[in-house]
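Taken together, the values in this text are just the output of simple stated rules run on the coordinates, not laboratory data. On a predicted model such as this, the values are computed, not experimentally measured, just so you know. Here the Cβ positions follow ideal geometry from the backbone for every residue, glycine too, while neighbour counts run over all protein chains shown.
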Amino acid sequence: MISWINGPFGVSKTSVAQRLPETFDSAVLFDPEHLGVVLGRTVPADAHVDFQTLPVWRESVLQFVDSLDRHYAGPIIAPMSTSAVLGATATM
C-alpha cells in the first residue's frame, strides 16, 4: 500500500508522515525531497532549478516508490504534494 500525504506547502505533511510509522508495523517512510537533494548534487549546474520541475525527479519518485512497494510488505508513506509528483506522464 502506498499512502501519499498530500497538501500545500507548510501544512505539516512531513510531520504527520514521521509519526505514522509508530502506528503501522513495518511502515516505510519515503520523503521524495531526499531524491531532490541527490539530483541537486548530480545534474549539470545549468539545470539547477527547483528539483520538482525536473522530469527526472518526477520519474525517479514514481519508480522508487513503486520499487519500495514491491520489496517491502508494510505501507509506504510519502509526504509530498501529489501535484508535484504526478506532473510526470508516467503511471504506476
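Under Stokes-Einstein, with the Kirkwood radius over Cα pairs as Rh, the value for region 8-62 at 25 °C and 0.890 mPa s is 190 µm²/s.
Between Val38 and Val11, the simple spin-label model (points 7 angstrom out along Cα→Cβ) gives 2.8 nm. Approximating the spin labels as points 7 Å out from Cα along Cα→Cβ, the Glu59-to-Thr23 distance works out to 3.5 nm.
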